[in-house]
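**Student:** Okay, handing you the structure first.
The values are calculated or read from the model by the stated rules, or taken from the named source; none is laboratory data. Note that the coordinates shown come from a computational prediction; the quantities given were computed from them, not determined experimentally. Cβ atoms come from the backbone with ideal geometry, glycine included; neighbour counts cover every protein chain shown. Accessible surface is based on the protein model in full, side chains and every heavy atom, while ligands, DNA and RNA are left aside. Shrake-Rupley method; radii C 1.70, N 1.55, O 1.52, S 1.80 Å.
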Amino acid sequence: MNTARVIGGSALAVLLTGALSWTSRVPVTFTEPDQALLRLSWRLTDAVLESCRPPSEEELAKLPVHMRDPRGCTGRGASFVLRVLVDGTEVALDTVRAPGARADRPLTVLRDLPLAPGSYDVDVAFTAILPEGARLSPGVPPEVVWSGPVRLRGRDVALVGLAPSGRALELRRPGTAP
Amino acid sequence: MRRLIGVARRLTRAGLARLDRAFNGLYTARFNPIYHSGALVVVSLVVLLVSGLYLLLFYRIGAPYASVEGLADQAWAGRWIRSLHRYVSDLAIVAALVHALRMFAQGRSWGPRALAWVSGLALLFVLYVCGWTGYVMVWDAQAHVLAAEGARLFDVLPIFSEPIGRAFVGDQPVPAAFFFLNLFAHVALPVGVALILWIHVSRLARTYLLPPRPLLWMTVGLFTAVAVLWPVGMDAPADLRRLPGVVSLDIAYGFWVPWARTVHPAWVWAAFLVVAGLTLAVPLLQRPRPEKRPPPSVVEERFCTGCEQCYHDCPYEAIRMVPRTDGREGWVARVEPTKCVSCGICAGSCAPMGVGPPERTGRDQLAGVRDFLDRERPGPEDVVVVGCTQGAAVGPRFAGAPVLPVSCAGSLHTSVLEYLVRAGVGGVLVASCPSRDCWNREGVIWLHARVNDGREAELRSRVDRRRVRLAHAAEGEADRLAAEVRSYRAEVLLMGGGEGEERIEIDTLCEVPVVSIGEVTK
Ligand code: HEM
Ligand code: SF4
Ligand code: SF4
């Protein structure tokens, strides 16, 4: 083995090992300082729409004894409308349906709305769609809202979530721990 | 699509030929790390296992970041073992990709090799997921990105009724159960890797799992040295209430994340499905059309003496010894067509020339060499190059040295060499690929053993050894081979021309073992 080969081979080996090690920590900018986020995240349980139509005597008689409910109520997961305004401009308007094959799973919202750093007036409303004759299961508010100012610095995430009472939304200030 | 795969294969093959040439020049073909890429993955797995066990002692799911930080602060061991673990996890991915590309370039993906191909992809995938979970364990800025991106991808699938991404929005601390599950996956997946590796090599005889010692220790030593001298530090802890800014990303595992974050997850899944589908379809796309497919080997039972040599030599365990049914005593070889890759190595094993793929048995090779001599009429001072069609001898012409192609140097029957020498050519130079580059794994090893060490079917002692030369040259080393041919030709000229015999009788005797392996494995 000649000297040039040994030197060349060793240098390349060191270089390749070094390069491979460097690739395990390449600085990558994921978000710039001029980006920020308004994030909506909450979960609403038991939001069931009940429709009741008292059955007739005959209808009741046809049912097995344990299924005879004189109120004739059936339930299915409610749908809500999510509406977000930023400085009066609508930035989101969606219908959120209860997931699951029988639409009986808790309603969840997880939405990221990118915003530039700055101060904004934000209105978030989450309103149940109530067909005629239907009502929401007791204890579930037909609407949860939050309105207020949001100040975002670069890379801040302002999180709007459900307040512990479960009857309103609230803002967790950017950067504050839960 | 077949055409596209064909073009990709040619390009990969040309690229690898250049790399091989450069690396052979620096490290010699014996220690060329590209030839040992599969074995280097195994070395990486062993290093990962050992270093991982140490790291596991210190990891706490209740305080993931703090516990890793504690490791990084341990000056004497934790810091460099953690770095070694990390660097070698990259080596594993890169070496596996090189190994896969090599198999792809050589068309070693279809037929009986499809199992190795598909399980190789599974290995790569599991290895990847294992690395991914490893990075999440640290719970630093990179972990935040990887976890959130992973969640975003799964949340578009109709699997979970609630988006798992909500675990990473920062309104609640990430539950310890998540870190427990992640750790469990990180520790359990290597068991899967071991299992799949076992399947991966299950069709191969004498699996070659580790590289030569010097290469092994050089690799471990170099990575250890880099880990000691240039250990990885700690990124900022994951802060779910802020967008990740500048993150130290491991490219081997996170190369696609910066792109993925800018598009809808459906695109990422589409890209994944395309890559997975294409790579999984390679065995079908590379498989030659039926009329061009090399047929499996067959045993001509009337010639088979039951010597077992082909049974021992087959690199794919495609030959069994079974009791004879033709009224003779003993055992006979039987090829299992579903396991045979048609490498032809058994043709070179069989002294009585009773086995081999159709038209490539010893008998066919002898008929071919007679035609070759009639056609080329090499003189007593000429060198005949017997060249493997995968290596450097294919294509170029060497002055005063006609080329007799063989499908693999390991399939060459030594009677061909004997015949050429006894026919009076000046010399025979067998140009094979470098040993670890053999497309059929063990062709070059058996060739050497047959020519130099008396392994059946050995080159008979009556053949003047000066008139036979074995040379290795990778596909990209035609110029080096040409130089070897020139220098051998000069030697032949010095020793004087070959002497031809009028009637050449090739003897086809071989030794039959007293205790048959067929007996033992019955
Ligand atoms: C990720 C971890 C992997 C490891 C540890 C690994 C290791 C190995 C080893 C040790 C061998 C035997 C080599 C020999 O004895 O000649 C082998 C063969 C093979 N590998 Fe892998 N491999 C991996 C991934 C892959 C991948 C990703 C592919 C392709 C997609 C692949 C395709 C093959 C094929 C086709 C063979 C059989 C070669 C033949 O039939 O001649 N491997 N692998
Ligand atoms: S190598 Fe031996 S066992 Fe195999 S076919 Fe030839 S004679 Fe039979
Ligand atoms: S050609 Fe012969 S040596 Fe090669 S795989 Fe088939 S049986 Fe085995």
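**Student:** Kindly indicate the residue of region A:21-31 that is facing another protein chain (nearest Cβ under 7 Å) and open to solvent by 30 Å² or more (accessible area, probe 1.4 Å) and also nearest to the chain's Cα centre (by Cα) among those meeting that condition.
**Tutor:** My answer is A:THR29.
**Student:** Then there is this: Go through the residues of region B:439-461 one by one and say whether even a single one is over 18 Å from B:CYS310 (Cβ atoms) and open to solvent by less than 20 Å² (accessible area, probe 1.4 Å).
**Tutor:** Within region B:439-461, not a single residue is over 18 Å from B:CYS310 (Cβ atoms) and open to solvent by less than 20 Å² (accessible area, probe 1.4 Å).
**Student:** Would you pick out the residues in region B:266-324 that are within 20 Å of the chain's Cα centre (by Cα) and under 24 Å from B:ARG455 (Cβ atoms)?
**Tutor:** Those that are within 20 Å of the chain's Cα centre (by Cα) and under 24 Å from B:ARG455 (Cβ atoms): B:ASP313, B:CYS314, B:PRO315, B:TYR316, B:GLU317, B:ALA318.
**Student:** Here's something else I'd like to know. Can you pull out every residue in region B:207-219 that is more than 11 Å from chain A (Cβ to nearest Cβ) and either in contact with a helix residue (DSSP H, G or I) (Cβ under 8 Å, 6 or more places away or on another chain) or part of a loop (DSSP other than H, G, I, E, B) (or both)?
**Tutor:** B:THR207, B:TYR208, B:LEU209, B:LEU210, B:PRO211, B:PRO212, B:PRO214, B:LEU216
**Student:** So in region B:226-259, with the set limited to residues that are among the charged types (D, E, K, R) and at the interface with another protein chain (Cβ under 7 Å from one of its Cβ atoms), which one is most open to solvent (accessible area, probe 1.4 Å)?
**Tutor:** B:ARG242
**Student:** Tell me, which helices (runs of 4 or more DSSP H) lie completely within region B:67-160 with 2 or more residues that are within 11 Å of another protein chain (Cβ to nearest Cβ) and under 21 Å from B:ILE34 (Cα atoms)?
**Tutor:** Values: elements: B:78-105, B:114-138, B:141-155.
Fully inside region B:67-160 and qualifying: B:78-105.
**Student:** Identify, please: which residue in region B:310-369 is away from ligand 2 (no atom under 11 Å from the Cβ) and either within 14 Å of chain A (Cβ to nearest Cβ) or of a type in the set (Gly, Ala, Ser) (or both) and is, among those, most open to solvent (accessible area, probe 1.4 Å)?
**Tutor:** Here the answer is B:GLY327.
**Student:** Which condition number in (1) open to solvent by 60 Å² or more (accessible area, probe 1.4 Å); (2) away from chain A (no Cβ under 14 Å); (3) aromatic (Phe, Trp, Tyr) is the one that B:PHE178 fails?
**Tutor:** Evaluating B:PHE178 over (1) open to solvent by 60 Å² or more (accessible area, probe 1.4 Å); (2) away from chain A (no Cβ under 14 Å); (3) aromatic (Phe, Trp, Tyr) leaves (1) as the failure.
**Student:** Residue check, B:PHE372 against (1) over 26 Å from B:HIS312 (Cα atoms); (2) of a type outside the set (A, V, I, L, M); (3) open to solvent by 40 Å² or more (accessible area, probe 1.4 Å), all met but one. Which one?
**Tutor:** The single condition B:PHE372 does not satisfy is (3).
**Student:** Does A:THR74 satisfy the criteria of being within 11 Å of chain B (Cβ to nearest Cβ) and over 21 Å from B:GLY165 (Cβ atoms)?
**Tutor:** The answer is no for A:THR74.
**Student:** Sticking with this one: Of all the residues that make up region A:107-139, how many are more than 14 Å from A:LEU37 (Cα to Cα), assigned to a loop (DSSP other than H, G, I, E, B) and open to solvent by 20 Å² or more (accessible area, probe 1.4 Å)?
**Tutor:** Total satisfying the criteria: 7.
**Student:** If A:PRO55 meets every condition in (1) under 30 Å from B:GLY165 (Cβ atoms); (2) not in a helix (DSSP H, G or I) apart from one, which number is that one?
**Tutor:** Answer for A:PRO55: the failing condition is (1).
**Student:** Of the conditions (1) within 28 Å of B:ALA281 (Cβ to Cβ); (2) more than 13 Å from the chain's Cα centre (by Cα); (3) open to solvent by 10 Å² or more (accessible area, probe 1.4 Å), B:ALA92 clears all except one; give me its number.
**Tutor:** (3)
**Student:** While we're looking at this one, here's another question. Any chance you could count how many residues in region B:260-281 are aromatic (Phe, Trp, Tyr) and either surrounded by 13 or more Cβ atoms within 10 Å (Cβ to Cβ) or not assigned by TED's automatic domain parsing to the domain that holds B:ARG113 (or both)? So that I can check it myself, show each step before the final result.
**Tutor:** Step one: list which residues in region B:260-281 are aromatic (Phe, Trp, Tyr), which gives B:267, B:269, B:272.
The next check asks that each one be either surrounded by 13 or more Cβ atoms within 10 Å (Cβ to Cβ) or not assigned by TED's automatic domain parsing to the domain that holds B:ARG113 (or both); those that pass are B:269, B:272.
Qualifying residue count for the region: 2.
**Student:** Further question: Pick out the one residue from B:VAL394, B:VAL385, B:VAL425, B:VAL421 that is under 28 Å from B:LEU494 (Cβ atoms), within 32 Å of the chain's Cα centre (by Cα) and among the aliphatic types (A, V, I, L, M). First the steps, then the outcome.
**Tutor:** Details: B:VAL394 fails: under 28 Å from B:LEU494 (Cβ atoms); B:VAL425 fails: within 32 Å of the chain's Cα centre (by Cα); B:VAL421 fails: within 32 Å of the chain's Cα centre (by Cα).
When all the criteria are applied, what remains is B:VAL385.
**Student:** In region A:44-56, how many residues are modelled with pLDDT of 85 or more and either surrounded by fewer than 14 Cβ atoms within 10 Å (Cβ to Cβ) or within 7 Å of chain B (Cβ to nearest Cβ) (or both)? Spell out how you get there, then give the answer.
**Tutor:** Kept after step one, since they are modelled with pLDDT of 85 or more, are these residues of region A:44-56: A:44.
Now restrict to residues that are either surrounded by fewer than 14 Cβ atoms within 10 Å (Cβ to Cβ) or within 7 Å of chain B (Cβ to nearest Cβ) (or both): none.
Of the residues in region A:44-56, 0 are modelled with pLDDT of 85 or more and either surrounded by fewer than 14 Cβ atoms within 10 Å (Cβ to Cβ) or within 7 Å of chain B (Cβ to nearest Cβ) (or both).
**Student:** Within region A:52-65, identify whether any single residue is closer than 30 Å to B:PRO258 by Cα and free of Cβ contacts under 8 Å to residues at least 24 places away in the same chain, and answer yes or no. Let's see the steps before the verdict.
**Tutor:** From region A:52-65, those closer than 30 Å to B:PRO258 by Cα are none; that's our starting set.
No.
**Student:** Would you mind stating whether A:VAL160 is more than 9 Å from chain B (Cβ to nearest Cβ) and buried (at least 18 other Cβ atoms within 10 Å of the Cβ)? Explain how you work it out, then say what you get.
**Tutor:** Working: more than 9 Å from chain B (Cβ to nearest Cβ): yes; buried (at least 18 other Cβ atoms within 10 Å of the Cβ): yes.
Taking the combined requirement at face value, the residue satisfies it.
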